[in-house]
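K.L.:
Below is one structure. I have some questions about it.
Just so you know, all these numbers are worked out from the coordinates, no wet-lab data involved. Since the model is a prediction, treat every value here as computed from it, not as a measurement. Methodologically, a virtual Cβ is constructed for each residue, glycine included, from the backbone with ideal geometry; neighbour enumeration extends over all protein chains shown.
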Amino acid sequence: MPLEVALKALLVPSGNDAAVAIAETVGGSEDAFVAAMNAKAAELGCTDTVFENPHGLDDGEFAGDQHSCAADVAKMARYAMRNETFRAIVGGGDTGIVVDRADGTRATIELESTDELMDYYDKAIGIKTGFTALAGPSFAGAASNGEKELYAIVIHSTSETQRFNDAETLFEWVYEHERDYPLANSTQTASMTVGGQTSEVPVVAEVPHADWIDKTVKATLSDPEASVRIFDLNGNVSQSLEFDEVRGDVHAGDKVGTITFKQRNATVATLDLVACEDVAAPDVFQGIGIWWDRLFRGLSGQPQTASAVTLNETPLVVDKTAVVG
């Protein structure tokens, strides 16, 4: 049979005989194929995985040091799902295959998927069940809500049915703790006109204009409606602003800085700060006056430009002051 047919026999009904056939054919021998399995696992960063056979059985004649862990299985599952053939097979449910018999005739074999989660959980997209004497009822599952793909690895569940319930619980726990977090949170607004279109936008900062002593440029986000999907249990969001040196004529829409949002020290969003108003540069006579003014300010230690002002806030995701009753 073609390799793809053998893969269906392996992955859909969990055929151990297909695992051996693939190992002998692709690897030349089971031992060579298992060595390649271990090398690939190490390449993927699996630090607690040892394969001793191609099918995973771990009792009787197959007893030994074969083992893995949920974290390593997750790495392998996520990597395997990058392969379109693998992805299609494990997400395709029941299927039929045509095989050539030794007597020269052909036979159609109906393969029933062991992944029962796909029968009732609409976010399920694969992958595979497992059961061994040491691991018990196990399952490596994948799910997608259209925005995020998740992997849940269940080992030694209490029953073959419970392993699917466990995976669904894990998936829903993550999805329920995800939320959209608006990035612009300021009570001050301004009318911004760009390309003849005027809109009311939040003013997130006031950026010093380097050619003036006392003028700033009101700024908003390059996308005032921007939000980011966050996992709320990762804690509160912080922001940091970097302002460009603004000179000359400034027009609404011009970049004047950058704002970065982080959660648990990981960057979740970075956007440009853009002017939401026009600010003209000083004319010649104003420039001369500013030059003299800065000269005297320098002698007296006074600021040479206006101070930057941050108006944007980062609402709490987790209120640590709340009293738990």
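K.L.:
If you build a Gaussian network model of the chain, linking Cα atoms that sit under 10 Å apart, which residue out of Leu295, Leu57, Leu241 swings the most?
P.N.:
Of Leu295, Leu57, Leu241, the most mobile in the Gaussian network model is Leu295.
K.L.:
Name the residue farthest towards the positive end of the dipole of the chain from the options Phe139, Val207, Ala184, assuming +1 on Cβ of Lys and Arg, -1 on Cβ of Asp and Glu, about the Cα centre.
P.N.:
Val207
K.L.:
In whole angstrom, note down how far apart the Cα centers of segment 124-162 and segment 270-312 are.
P.N.:
Result: 60 Å between the Cα centres.
K.L.:
I've got another one for you. Using a cut-off of 13 Å between beta-carbons, work out the net charge of the residues near Val268 (Lys and Arg +1, Asp and Glu -1, Val268 not included).
P.N.:
+1
K.L.:
Still on this structure: Can you tell me which of Ser240, Ser300, Ser199 moves the most in a GNM of the chain? Springs connect C-alpha atoms under 10 Å apart.
P.N.:
Most flexible of the set in this elastic network: Ser300.
K.L.:
Shifting gears a bit: Compute the signed sum of charges (Lys and Arg +1, Asp and Glu -1) over the other residues within less than 12 Å, Cβ to Cβ, of Phe139.
P.N.:
Net local charge, Phe139 excluded: -3.
K.L.:
Where is the GNM fluctuation largest for the chain (alpha-carbon springs, 10 angstrom cutoff): Ser191, Ser113, Ser222?
P.N.:
The residue that fluctuates most here is Ser191.
K.L.:
While we're on this one: Spin-label point model (7 Å from Cα, Cβ direction): what's the Asp103 to Leu295 distance in nm?
P.N.:
About 11.0 nm separates the two model spin labels.
K.L.:
Given the C-alpha centroids of segment 205-224 and segment 2-76, what is the distance between them in whole angstrom?
P.N.:
60
K.L.:
Moving on. Could you check what % of the DSSP bridge pairs in segment 182-310 are antiparallel, to the nearest 5?
P.N.:
So the antiparallel bridges amount to about 95 percent of the total.
K.L.:
Something else: Quick one: order Arg163, Arg87, Arg179 by neighbouring beta-carbon count within 10 Å, fewest to most.
P.N.:
Ranking Arg163, Arg87, Arg179 by Cβ neighbours within 10 Å, fewest first, gives Arg179, Arg87, Arg163.
K.L.:
Still on this structure, please answer the following. Excluding same-chain residues fewer than 8 positions from Lys218, which lysines have a Cα within less than 26 Å of its Cα?
P.N.:
In chain and number order, the partners are Lys255, Lys262.
K.L.:
Can you give the net charge of the other residues whose Cβ lies under 12 Å from the Cβ of Ser307, counting K and R as +1 and D and E as -1?
P.N.:
Here the count lands on -1.
K.L.:
Compute, for segment 188-325, the length of the dipole vector about the Cα centre, with Cβ point charges of +1 (Lys, Arg) and -1 (Asp, Glu) only. Units Debye, rounded to 20.
P.N.:
500
K.L.:
Another question about this same structure. Restricting attention to the alpha-carbon atoms of segment 1-49, what are Rg (one decimal) and Dmax (integer), both in Å?
P.N.:
Computed over the Cα atoms of segment 1-49, radius of gyration and Dmax are 11.8, 35 Å.
K.L.:
A further question on this structure: Could the peptides 264-273, 102-111, 124-133 be put in order, highest first, of the mean number of other beta-carbon atoms found within 10 Å of their residues?
P.N.:
Result, highest mean first: 124-133, 264-273, 102-111.
K.L.:
Segment 111-241: percent of C-alpha pairs farther apart than 22 Å?
P.N.:
Roughly 59 percent, once rounded to a whole number.
K.L.:
So, one more: Just checking my list (i) 49; (ii) 43; (iii) 62 against percent of Cα pairs over 27 Å apart computed from this structure; which label fits?
P.N.:
Of the labelled values, this structure produces (iii).
K.L.:
Right, another one. Residue farthest toward the positive end of the dipole of the chain, with Cβ of Lys/Arg at +1 and Asp/Glu at -1: which of Leu170, Gln197, Ala70?
P.N.:
Gln197
K.L.:
On a 0 to 90° scale, report how tilted helix 284-300 is relative to the longest principal axis of the chain, with both axes built from alpha carbons and the result rounded to the nearest 10.
P.N.:
80
K.L.:
Before rounding to the nearest 500, sum -39500 (n - 2.57) across all DSSP H runs of length at least 4 in the chain and divide by the residue total; then give [θ] at 222 nm in deg cm²/dmol.
P.N.:
-8500 deg cm²/dmol
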